[in-house]
Amino acid sequence: GRGYPAAQLIADRKNNTALKTGAPAPDFALVLADGSHLSLSDLRGRPVVINFWATWCGPCRLEMPELMRAAMGDPNLVLLAVNTQESLDPVAAFAEDFAMTTPVVLDGEGDVNNLYAVRGLPTTYFIDPSGAISAIHPGVLSPPALRERLDAIR
């Protein structure tokens, strides 16, 4: 369900030069409200979508409803909505407006954004159950493109 975990890098993985299809997805952790941690590697065995977005990003607003529909329609799919460098108040308002039911990850310092070499918003990574990058999609995902990429990681 929705929560606002903080993103945290694991060890000193601040720079990753192997971001390409078939490569292992860079690991990072989510610090949950109770102080416990959940890492991306803990989610192996399930398809994962990592969507980088911001509240001020018009294209992010366009694709978020489709991403939420996909997440609600597949209980095995993990959608991590990684907000880039914004405070909780605007993020929480956005999450409410878009009925976000998935974890809304707060990347306050932009560390995960940098780890994944995000150059523009939105950018979406599709991670297969083995933990490998299946696809990288910069820009708005159309419904057919989203379906195609989801089918590849299921």
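The values are calculated or read from the model by the stated rules, or taken from the named source; none is laboratory data. The shown structure was predicted, so the numbers you read here are calculated from the model rather than taken from an experiment. Neighbour counts are summed over all protein chains in view; Cβ atoms, including those assigned to glycine, are modelled from backbone coordinates with ideal geometry. The protein model used for the area step is the full one, side chains on, heavy atoms only, and it has no ligands, DNA or RNA in it. Shrake-Rupley method; radii C 1.70, N 1.55, O 1.52, S 1.80 Å.
For the reader, a short list of remarks on this structure follows.
- Within the range 135-145, the residues that satisfy the criterion of being under 14 Å from the mean Cα position of the chain (by Cα) and either without any contact (Cβ under 8 Å) to a residue 40 or more places away in the chain or not in a loop (DSSP other than H, G, I, E, B) (or both) are A135, I136, H137, P138.
- Positions within the range 122-145 being open to solvent by 20 Å² or more (accessible area, probe 1.4 Å), out of contact with any helix residue (DSSP H, G or I) (no Cβ under 6 Å at 6 or more places or on another chain) and among the hydrophobic types (A, V, I, L, M, F, W, C), in sequence order: I136
- Unique residue being on the phi < 0 side of the Ramachandran plot, open to solvent by 20 Å² or more (accessible area, probe 1.4 Å), more than 15 Å from the chain's Cα centre (by Cα) and hydroxyl-bearing (S, T, Y) when the list is S36, S41: S36
- Of all residues making up the range 84-110, the number that are among the charged types (D, E, K, R) and open to solvent by 60 Å² or more (accessible area, probe 1.4 Å): 4
- The C-beta contact set for the range 111-123 (first residue within 15 Å of C57 (Cα to Cα), second residue open to solvent by less than 20 Å² (accessible area, probe 1.4 Å) and small (G, A, S), distance under 6 angstrom, 6+ apart or interchain) comprises L121/A54.
- Wholly within the range 67-129, strands (runs of 3 or more DSSP E) carrying at least 2 residues that are of a type in the set (S, T, Y): 123-127
- When residues in the range 56-66 are screened for being assigned to a helix (DSSP H, G or I), crowded, with 17+ Cβ neighbours inside 10 Å and of a type outside the set (D, E), 3 of them pass.
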